[in-house]
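Read the structure below first, then the notes.
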Amino acid sequence: MIEKISCDIHGSKEMSFACIHIATAIDSKNQVGFFYSEAEEDLPQIAWCGSCEQYLLDNGEEWTETFQSLADFKMLCSDCFEEAKNNETEIHLR
């Protein structure tokens, strides 16, 4: 079971993660790209922006400590995750 978190806007929802660039774009409505992996059973969804995707492509597609530091993943509720996803014109499943 995916852990629930308390969101100030949406209340108690399932936990997800997004890179700092997506997380900050939620309020500004900036489009930064949206790449995400299919949710695995009992694991939260995770998403990263176009800039983070380019870094992965340029660096062997490995989730190194350097990449994780650059992405600076933030915890979001599942509704905030969907809001960020719906703000983008191009969405990529990886």
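The values are calculated or read from the model by the stated rules, or taken from the named source; none is laboratory data. Values in this document were obtained by computation on a predicted structure and should not be read as measured data. Cβ coordinates were reconstructed from backbone atoms using ideal geometry, including for glycine residues, and neighbour counts include every protein chain displayed. When the accessible area is computed, the model is the full protein with side chains, heavy atoms only, and any ligands, DNA or RNA have been set aside. Shrake-Rupley method; radii C 1.70, N 1.55, O 1.52, S 1.80 Å.
Things worth noting here:
- If the chain linking ASN59 and THR24 were pulled fully straight, counting 0.36 nm for each residue of separation and taking away their Cα-Cα distance, it would gain 10.2 nm.
- The chain - Rg and Dmax from Cα coordinates, angstrom: 12.8, 38
- Within the chain: Cβ-based charge dipole about Cα centre, in debye rounded to nearest 20 (Lys, Arg +1; Asp, Glu -1): 300
- FRET efficiency, 1/(1 + (r/R0)^6) with R0 22 Å, evaluated for MET75 and ASP42 via beta carbons: 0.85
- For the chain, the solvent-accessible area of protein heavy atoms averages 61 Å² per residue (probe radius 1.4 Å; ligands and nucleic acids excluded).
- Going by accessible surface with a 1.4 Å probe and the largest first, SER28, SER16 read SER28, SER16.
- Separation in nanometres of the label points that stand 7 Å from Cα toward Cβ, at GLU90 and CYS7: 2.6
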